[in-house]
Amino acid sequence: MNNVESIILELVKEYLEKKPFFSIQNIVVFISNRVKSNPFINKARIEITIKNLIKKRMIIPGTKLMKNNIIEHPVRNEIFNYIKKNPSNINEIMNALNIGSNQALWHLSCLEKFRFVRSKKINNRRIIYKYDSNPELDELYYYLNLAIVQEIINFMKKEDKALKITEIATNLKKNHNIIKKYLYVLKKLKLIKIEKEKKRITFQLDTDKYSKVRKKMQGV
């Protein structure tokens, strides 16, 4: 932020300590009265700056929340820190942090408004991610965090050879169709190689690609 934005943001904070909500018109009048002695900040500049701060999602009309204090709330901070490490759906967040649906929805809406988090629908589930995380990795984060997918990958890593669906399903004691579904998901994510020989179809984990993806996800 530049100096004028910093000054105005502090005055917005002061205003919101007295009044729970603001409109652009009211806040411009309040700030204008407070900076009369500053020849470089007139009403027009205040209004432009306020609009820029709204555009940057530093402040949002109709709420007393501001970006610089949004995660001061302990529950909101806990939710944000959890999402940073674990992109999740709302049920997973509720269970992990032992909070109710209304509380979770409210805090998530605040975090999303101020661009701390973003959401994306995958496999009919709304998954919440850190706002500035790489969207190209969204599906990888989601699927590679599923327990069933990790079981499949760990088994394939251990066997280190091409396997039929039946072999994987039998060893993991899982339904054939479920294993088939996630093998083709992993194929779509380009982590599995498929070989076809007559009627025999086998699947093999591409360990090099999987290792590179894991490093990329961890920011290595």
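Only one of LYS157, LYS196 is of a type outside the set (Gly, Ala, Ser), assigned by TED's automatic domain parsing to the domain that holds LEU146, free of Cβ contacts under 8 Å to residues at least 12 places away in the same chain and farther than 25 Å from ASN123 by Cα. Can you tell me which?
Sole residue among the options that is of a type outside the set (Gly, Ala, Ser), assigned by TED's automatic domain parsing to the domain that holds LEU146, free of Cβ contacts under 8 Å to residues at least 12 places away in the same chain and farther than 25 Å from ASN123 by Cα: LYS196.
So which of TYR182, TYR143 is of a type in the set (Phe, Trp, Tyr), touching a helix residue (DSSP H, G or I) at 6+ places or on another chain (Cβ under 8 Å), modelled with pLDDT under 95 and surrounded by 15 or more Cβ atoms within 10 Å (Cβ to Cβ)?
Within the list TYR182, TYR143, the selection yields TYR143.
If THR207 meets every condition in (1) within 30 Å of SER133 (Cβ to Cβ); (2) among the β-branched types (Val, Ile, Thr); (3) modelled with pLDDT of 95 or more apart from one, which number is that one?
(3)
Restricting attention to region 3-13, report how many residues are farther than 16 Å from LYS67 by Cβ and free of Cβ contacts under 8 Å to residues at least 12 places away in the same chain.
1
How do the helices (runs of 4 or more DSSP H) wholly within region 36-139 filter down when requiring 1 or more residues that are at pLDDT 90 or above and within 18 Å of the chain's Cα centre (by Cα): which remain? Give the derivation first.
Numbers: elements: 43-55, 74-85, 90-97, 101-113.
Qualifying helices (runs of 4 or more DSSP H): 74-85, 90-97, 101-113.
Can you pull out every residue in region 126-166 that is closer than 17 Å to LYS180 by Cβ and aromatic (Phe, Trp, Tyr)?
TYR143, PHE155
The values are calculated or read from the model by the stated rules, or taken from the named source; none is laboratory data. Remember, predicted model here, so these are calculated numbers, not experimental data. Backbone-built Cβ (ideal geometry, glycine too); neighbour counts: all protein chains shown.
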